[in-house]
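Down below is the structure, laid out as structure tokens.
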Amino acid sequence: MRQVSKILTGAAIGAGMLAASMVSASAEIACQGSVCWHVRDHFDYPHSARIVIHDDNWHWGPRERFVFREHEGRGYWRGRRWIAW
């Protein structure tokens with residue numbers, strides 16, 4: 001009985017650690033036109049910015065062309081300018 005208790009406790013701890021790592025590792029890809037960047041937090045972008053949010057595992061199609069431009073902080077790309085807010 002003691003062995004079963006240890007196994008169940010270990011499984012519960014492992015499941016908890018896995019769930020916690022999945023929540024903290026969430027990310028998204030934000031795109032405005034053909035420019036995309038990775039975001040760590042979900043933002044409510046202004047509607048006028050026309051930002052499209054994709055899951056982190058998103059890939060564009062074979063005939064589509066996008067470019068990634070990374071930037072720190074909260075904001076979005078408009079053309080070649082980073083608009084912070």
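Laboratory data are not the source of any read-out in this text; all were calculated from the coordinates shown. On a predicted model such as this, the values are computed, not experimentally measured, just so you know. We place every Cβ from the backbone using ideal geometry, glycine too, and count neighbours over all the protein chains shown.
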note = Scanning the range 56-72 residue by residue, the ones that are within 13 Å of the chain's Cα centre (by Cα) and surrounded by 11 or more Cβ atoms within 10 Å (Cβ to Cβ) total 2
inquiry  = Under 7 Å between Cβ atoms, which residue pairs at least 6 apart in sequence (or on different chains) link something in the range 32-44 that is under 24 Å from residue 65 (Cα atoms) with a partner that is of a type in the set (Gly, Ala, Ser) and outside any strand (DSSP E or B)?
reply    = 32/49; 38/27; 39/27; 40/27
ask   = Among the residues of the range 31-55, how many are over 12 Å from the mean Cα position of the chain (by Cα) and among the aliphatic types (A, V, I, L, M)?
value = 4
